[in-house]
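Just so it is clear, none of the values below were taken in a lab; they were calculated from the coordinates. Keep in mind that this is a model prediction, so the values were computed, not measured. Counting neighbours? That spans all protein chains shown, and the Cβs are built from the backbone with ideal geometry, glycine included.
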Amino acid sequence: MSEQTASADFAALLRELKDRSGLSYGVLAKRLHMSTSTLHRYCNGDAVPADYAPVERLARLCKARPEELVELHRRWVLADAVRGRKGAAVAGTRSEEAGTEPGAAASEAAPPAEASLADAPSAASVGATNTSPSGAGAPPSAPTYADAPDTAIPAPARRRTRTAVLAGIAVAAVAAGVALAVGLPGGGSDGDGDGGRHRPAGAAGMTAEQTAPASSPPPSSAGASPSSSAEEKSPARTPAGSAPAGAPDGEGQKSGVPVTVQADPYAWESPCSQRYLVDKPASGMKPPPLEEGAAAWVAAHGAVSSGQQYLRLTVQGTGAETVVVDGLTVRVAGKRAPLAWNDYAMAYPGVGCGGGVQTRAFAVSLDSARPSLAPEAGNDDFPFKVSESDPEVYYITASVSAYDVDWYLELKWSSGDRSGTLTVDDEGRPFRTSGNKGRPAYEFPIGGDGWVPEGTTKLD
C-alpha cells in the first residue's frame, strides 16, 4: 500500500468522525491540547501522528463506536508503517548520494548520549522472543526477569534506544567487514595461522548470536528476536524480513518470524478505571497525567498498575502472507503480597467517563492459580488472521486483588508450514499489577493544588 493511499484512508475516517461530531477544529484542538493547524493536517492527510494516543482521544471526543475505534487504529498502523518504510528508503538514498553506507549515516544521526550499546537494552529484551527448539532436548525457557527494574521506561525513550541499537549494529557490521578483509590471504595476518579462512561465508558483520549454532536466537528485527520454536520447521534463523547470506531477493521472508507484536501497557480503558500504586505520600505526587503522558508519569513515580491493568496489543504481519494468531497464554513470573502503597486515581472527581467494550477484548484474573484469557461478552475467541495490510488490535484487562503479580504473555502463531511462540512483555520486563484492597486512596480535584483522600471532594 502506498503512503498516499494509507494516509488518505486514515485521514478520511478521522475527518468523518470530526464532521459527524459537529465540533469545530478549534474546540477539538483545545480539548486535545494541540494546535488547530496540526489537527487540520491530520484530518486532511498531510501528516500522520507519531503516536496513537491523541488519535484515540480525538475519536472518543467525537463519540466513535467501538468498531470505528478498531478500524481507526488499523488505518493508523498502516499509515505509520508506510511512513516508516519511506523514511528508511530516503535515509538510504541520501547516504548513497553522499558516498557513505546507510548504517554509517544512521550512526551519525544518533545523538552521542544514546549511541552506546552498553547502555541500551539487548535485542532479545525488546519485547518478543521465541522458545527453544524441540531438538535441543530442553523445555521451552521463559524470559529472565531477576534483574528487571521496578519502573518503566517512557515510550519516547524506548524508541530512541531502539534507534541507537540499530545504528550501533550497523557500525559494528562495517568494522567487522574491515577486520575480515584484513584477515584474508594477501590482506595481512592476525597471527592465528589460518588468516580467517575458516570463518563461515557471509559471517562478516554478524554478532555472536548470529554466528552461533542454529539453536541460538539471533538479534531482533523490528522488536522481535525470533528463533526456532518446538514447532517451527523453517531451516533458516534470521531476523524477520531479512534474507540469509547468499539468498536471492525475496527469500528472506520465508526464514524469519512473519509477525510483529507491539504492546502498550500504558493504555487506559478510561481515566475512571485507571489507578496506580505509588510508594510516596500525597504531598510528593504530581497531578494525574493525560493518557499520552502516563508512561513518563509512571517512570517518574515508580508507579505500579493498581487493581487492574489495561493492555493494548497490535499484531501485524511483516508481509503479504497470512499469519494465524492461534492464541495468547498468560504466564506468571512471580506472586507476592499486594503492595502496601498509596492508591492514586487518574480521574478527576465529577468528570464523566464513558466508552463501550472494545471488539477483540479479553479479560483475565491474575488471582487465579492458572490465569487464562477469556473473551469479553459479545467478542470472538482465537484464532484470528493478520497480514501486513490487515493488522489486529487486542485489548486485555488483567485484574488482581490478593497479590502483586509479575506476568507476561505468549503469542502462538502459524503460517504455512511454520509456527512459533513469541513472548510479549514490557520491553524485556514483565507487566506488573498489584491488588489495592484496603490501601489509602487519593484523588485530585479539578482546580485543586494537591491530592486529597478519595471521597472528600465536594462537587457543585
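How long, wide and thick is the range 3-96, going by the Cα atoms along their three principal axes, in whole angstroms, largest first?
So the three principal-axis extents are 49, 27, 19 Å.
How many percent of all Cα-Cα pairs in the range 259-453 sit more than 21 Å apart?
54
Can you sort ARG331, ARG75, ARG65 by how many other beta carbons sit within 10 Å, fewest first?
ARG65, ARG331, ARG75
Once you have the alpha carbon radius of gyration of the range 280-348, what is it after dividing by 2.2 N^0.38 Å, with N set to its residue count?
Rounded to two decimals, the normalised Rg is 1.58.
Rank the residues SER399, SER24, SER414 as a footprinting-exposure proxy: fewest other Cβ atoms within 10 Å of their Cβ go first. If you can, show how the numbers build up before the last one.
Numbers: SER399 15, SER24 11, SER414 18.
Lowest count first: SER24, SER399, SER414.
Only counting other Cβ atoms within 10 Å, I'd like HIS73, HIS33, HIS40 sorted with the fewest neighbours first.
HIS33, HIS40, HIS73
Using alpha carbon coordinates only, what is the Rg to Rh ratio of the range 303-403, with Rh defined as the Kirkwood radius? All intermediate terms of the calculation are to be shown ahead of the outcome.
Working: Rg = 16.5 Å, Rh = 15.9 Å.
Reported Rg/Rh (Cα atoms, Kirkwood Rh): 1.03.
Mind giving me the nanometre distance, one decimal, between the label points for ASP46 and HIS33, set 7 Å out from Cα along Cα→Cβ?
Modelled inter-label distance: 2.5 nm.
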